[in-house]
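Note sheet for the following structure.
No value in this document is a laboratory result; all are computed from the given coordinates. All values derive from a computational prediction rather than experimental measurement. Please note: Cβ atoms are built from the backbone with ideal geometry, for glycine as well, and neighbour counts cover all protein chains shown.
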Amino acid sequence: MKQIQISAAAWDSPRAAHEALKEALSFPDYYGHNLDALHDCLTELSDTQLVIEDCALAARNMPEKWAGFLAVFLDSAQENPGLEIKLLPGQGDYGE
């Protein structure tokens, strides 16, 4: 299983998060930069462990939008047996 680590510390907007995920996961050029497109791309990955660090900072930086990303991460991992997603809090308190 390949492991991809990415920090969410600089995710201060949905656009920043989508750009970082697109680059880290090598999404296609036509990636739509929205949650539906993210779900589609995540469910197409195989044999991948995605480790997202500093989730507490992303939650703090974009509180109204973080719940949507979190839901997509959890739904995609549940739907795709070839995908494992680990969300690490990093600095601060997050869901612990």
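Data for the structure
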{"item": "Cβ-based net charge around residue 49, under 9 Å, with every Lys or Arg adding one and every Asp or Glu removing one", "result": "0"}
{"item": "Cross-link partners of residue 2 among lysines (Cα-Cα below 24 Å; sequence separation of 8 or more within a chain)", "result": "22, 86"}
{"item": "Three-way shape label, the stretch 1-49, alpha-carbon gyration tensor, a/c 1.5", "result": "oblate"}
{"item": "Surrounding net charge for residue 65, when Lys and Arg each add one and Asp and Glu each subtract one, Cβ distance under 13 Å", "result": "0"}
{"item": "Summed residue charge, Cβ within 14 Å of residue 74's Cβ, Lys/Arg positive, Asp/Glu negative", "result": "-2"}
{"item": "Highest to lowest packing among 78-86, 8-16, 26-34, scored as the average C-beta count within 10 Å", "result": "8-16, 78-86, 26-34"}
{"item": "Relative contact order (%) - criterion: Cα under 8 Å, at least six apart; region: the chain", "result": "36 percent"}
{"item": "Charged-residue dipole, Cβ positions (Lys, Arg, Asp, Glu), the chain about Cα centre, Debye nearest 20", "result": "140 debye"}
{"item": "For residue 4, residues with placed amide H under 5 Å, excluding near neighbours", "result": "49, 50, 51"}
